[in-house]
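To keep things clear, I will list the structure first and then write my remarks on it.
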Amino acid sequence: MTNNAIYPITLSKYSDLYLICERYGQTGEQDCENVVDFFVSDDRTVNPSSIVAYDEVNRPIVLPAAEPNGPTGSTIVKYGSFIPSSTTPNKLSMATPYLFFLVFSTKSKVW
């Protein structure tokens with residue numbers, strides 16, 4: 001991820017990836033009612049079955065501020081926890097297309 005703002009952004013443990021299933025089954029005839037939240041995890045997480053809990057106090061994820069010409073680089077943000085700051089992995093219940101939204105909660109000041 002990159003930050004286009006002039007201030008750095010520190011992610012909160014409540015930042016999540018919200019997935020909404022588009023259709024159920026191969027034919028797409030039924031609406032899928034599956035909705036899944038994946039909360040931000042520590043960047044040391046490598047295996048989806050062994051999540052490292054995100055510690056926003058001691059190991060915060062900070063998206064650096066952009067310079068006048070734009071972002072200075074990108075930051076890898078991993079999602080996978082079932083609940084905020086958890087080691088319990090979340091998973092999709094079926095293999096089907098999902099629409100997703102990134103929901104950011106930040107600890108930065110409102111300007």
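The values are calculated or read from the model by the stated rules, or taken from the named source; none is laboratory data. None of the values given here were measured: they were computed from a predicted structure. Note: ideal-geometry Cβ built from the backbone for every residue, glycine included; neighbour counts use all protein chains shown.
Here are the numbers:
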| quantity | calculated |
| --- | --- |
| Residues within the stretch 59-79 that are part of a strand (DSSP E or B) and not basic (Lys, Arg), tallied | 5 |
| Scan of the stretch 80-97 for residues that are part of a loop (DSSP other than H, G, I, E, B) and modelled with pLDDT of 80 or more, ordered by number | Phe82, Ile83, Pro84, Ser85, Ser86, Thr87, Thr88, Asn90, Lys91 |
| Qualifying residue in the stretch 44-58 (condition: part of a loop (DSSP other than H, G, I, E, B), of a type outside the set (Gly, Ala, Ser) and in contact with a Leu (Cβ under 6 Å, 6 or more places away or on another chain)) | no |
| Extreme residue, farthest from the chain's Cα centre (by Cα), among residues of the stretch 47-73 that are among the hydrophobic types (A, V, I, L, M, F, W, C) and farther than 9 Å from Asn4 by Cα | Val57 |
